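Student: One structure, pasted below without further comment.
The values are calculated or read from the model by the stated rules, or taken from the named source; none is laboratory data. Just so you know, these numbers come straight off a predicted model, no measurement behind them. All Cβ positions, glycine included, derive from the backbone under ideal geometry; neighbour counts span all protein chains shown.
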């Protein structure tokens, strides 16, 4: 694919709400091209050669941090990964000063995960280099939503009219919020489901259906996306025990039969096997959980490429 005008002019990716549908589809188009290169014997591309990407992760992460690192290296960028415990933030340095120092060290892009909602947007206005949100508090996780939606588009083509159920801890989930925005932009009919304490009616204002009846939420769904319980963000217990959650809302073989016959099972990870999903289902042919992980590399390659290109006001060949 050669240089051309893409529907993208942002140096930053902060949240899905900021994007219009054409921008989401541009990310998918570029990700598709990059995914094709992942099948080659030589997977590296020169797109970000000479650039330095800083992974600044102030919360624990496995899939997101590693996927961003692999994505940047596949584009030939130099990557520096920092975690909160190893940064000067533990000595009292502010996030503002940390980011400005990273910019002064001539890094070209910051990927930020932070426990405070709004931290990436705060940095966006302080530095001239791109900032990509890798998850901020319970607010947003845009690249996770993009890879989830891309996985669905790979399976179904158009998402118009497709019924997608997001099941679990909706209240404390940045993944749920970002997916709601992304999937509805693409025409899907979204239901959020789980205990009333974790799925308040206020989510209906985002244009989705709210259900506390599991059979009702799963019946005729084209896909179910399971979410783990976000213990680290809960300040009090929102249901009696994990065992009771599993008995009422865990996905097992019987409950999976309520889905459409060709429905798929998704999970952003990490999976709590035997809690929100039985191992048998997580490893079944209906599961696309590992496909999501693989697609996370292609989506993040696309985001890095697009934001870096927009910041430099020029485009290079994608697949040179």
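Student: Those residues that are touching a residue at least 60 places away in the same chain (Cβ under 8 Å) and under 18 Å from residue 267 (Cβ atoms), I need them from segment 180-207; list them, please. Even if it seems obvious, please write down each step before you answer.
Tutor: Taking segment 180-207 and keeping what is touching a residue at least 60 places away in the same chain (Cβ under 8 Å), we get 181-182, 185-186.
If the condition is that a residue be touching a residue at least 60 places away in the same chain (Cβ under 8 Å) and under 18 Å from residue 267 (Cβ atoms), then 182 is the only one that fits.
Student: Let me spell it out: the conditions are (1) outside any strand (DSSP E or B); (2) within 15 Å of residue 303 (Cβ to Cβ), and residue 55 meets all of them except one. Which number is the exception?
Tutor: Every listed condition holds for residue 55 apart from (1).
Student: Next question. So which residues in segment 160-169 are assigned to a loop (DSSP other than H, G, I, E, B) and crowded, with 24+ Cβ neighbours inside 10 Å?
Tutor: Start the filter on segment 160-169 by keeping residues that are assigned to a loop (DSSP other than H, G, I, E, B), which leaves 160-162, 168-169.
Once the filter is applied, which keeps residues that are assigned to a loop (DSSP other than H, G, I, E, B) and crowded, with 24+ Cβ neighbours inside 10 Å, segment 160-169 yields 168, 169.
Student: Could you say whether any residue in segment 79-91 is in a helix (DSSP H, G or I), within 22 Å of the chain's Cα centre (by Cα), assigned by TED's automatic domain parsing to the domain that holds residue 34 and crowded, with 18+ Cβ neighbours inside 10 Å? I'd like the intermediate steps shown before the answer.
Tutor: Just the residues of segment 79-91 that are in a helix (DSSP H, G or I), to begin with: 84-86, 88-91.
Next, from what is left, pick out any that are within 22 Å of the chain's Cα centre (by Cα): 84.
Of the ones still in play, those that are also assigned by TED's automatic domain parsing to the domain that holds residue 34 are 84.
Still in the running and crowded, with 18+ Cβ neighbours inside 10 Å: none.
No: zero hits.
Student: Within segment 260-304, how many residues are in contact with a helix residue (DSSP H, G or I) (Cβ under 7 Å, 6 or more places away or on another chain) and part of a helix (DSSP H, G or I)?
Tutor: 17
Student: Report yes if residue 253 is modelled with pLDDT of 95 or more and surrounded by fewer than 14 Cβ atoms within 10 Å (Cβ to Cβ), otherwise no.
Tutor: On the way: modelled with pLDDT of 95 or more: yes; surrounded by fewer than 14 Cβ atoms within 10 Å (Cβ to Cβ): yes.
So residue 253 passes the test.
Student: Now for a different question. How many of the residues making up segment 123-148 are over 9 Å from the mean Cα position of the chain (by Cα) and in a strand (DSSP E or B)?
Tutor: Our first condition is that a residue be over 9 Å from the mean Cα position of the chain (by Cα); within segment 123-148, this holds for 123-133, 136-139.
When the remaining residues are screened for being in a strand (DSSP E or B), the result is 131-133, 136.
Of the residues in that region, 4 qualify.
Student: Restricting to segment 201-248, name every residue that is in a loop (DSSP other than H, G, I, E, B) and at pLDDT 95 or above.
Tutor: Within segment 201-248, the first condition is being in a loop (DSSP other than H, G, I, E, B), and the residues that meet it are 207-208, 212-213, 219-222, 227-230, 234-241.
Answer for segment 201-248, where residues must be in a loop (DSSP other than H, G, I, E, B) and at pLDDT 95 or above: 207, 208, 212, 213, 219, 221, 222, 227.
Student: Kindly evaluate residue 123 against the criterion of being buried (at least 19 other Cβ atoms within 10 Å of the Cβ) and in the same structural domain as residue 180 (by TED's automatic domain parsing).
Tutor: Working: buried (at least 19 other Cβ atoms within 10 Å of the Cβ): yes; in the same structural domain as residue 180 (by TED's automatic domain parsing): no.
Taking the combined requirement at face value, the residue does not satisfy it.
Student: Need the failing condition index for residue 178 against (1) more than 23 Å from residue 260 (Cα to Cα); (2) touching a helix residue (DSSP H, G or I) at 6+ places or on another chain (Cβ under 9 Å); (3) not in a helix (DSSP H, G or I); (4) not assigned by TED's automatic domain parsing to the domain that holds residue 24, just the number.
Tutor: Unmet for residue 178, out of (1) more than 23 Å from residue 260 (Cα to Cα); (2) touching a helix residue (DSSP H, G or I) at 6+ places or on another chain (Cβ under 9 Å); (3) not in a helix (DSSP H, G or I); (4) not assigned by TED's automatic domain parsing to the domain that holds residue 24: (3).
Student: Are any residues in segment 149-159 over 22 Å from residue 121 (Cβ atoms) and either touching a residue at least 60 places away in the same chain (Cβ under 8 Å) or assigned to a helix (DSSP H, G or I) (or both), and if so, which ones?
Tutor: In the first step, residues of segment 149-159 are kept if they are over 22 Å from residue 121 (Cβ atoms); the result is 150-159.
Selection gives 150, 151, 152, 153, 154, 155, 156.
Student: Here's another thing I want to ask about it. State the number of residues belonging to segment 305-320 that are at pLDDT below 50 and either assigned to a helix (DSSP H, G or I) or touching a helix residue (DSSP H, G or I) at 6+ places or on another chain (Cβ under 8 Å) (or both).
Tutor: Total satisfying the criteria: 4.
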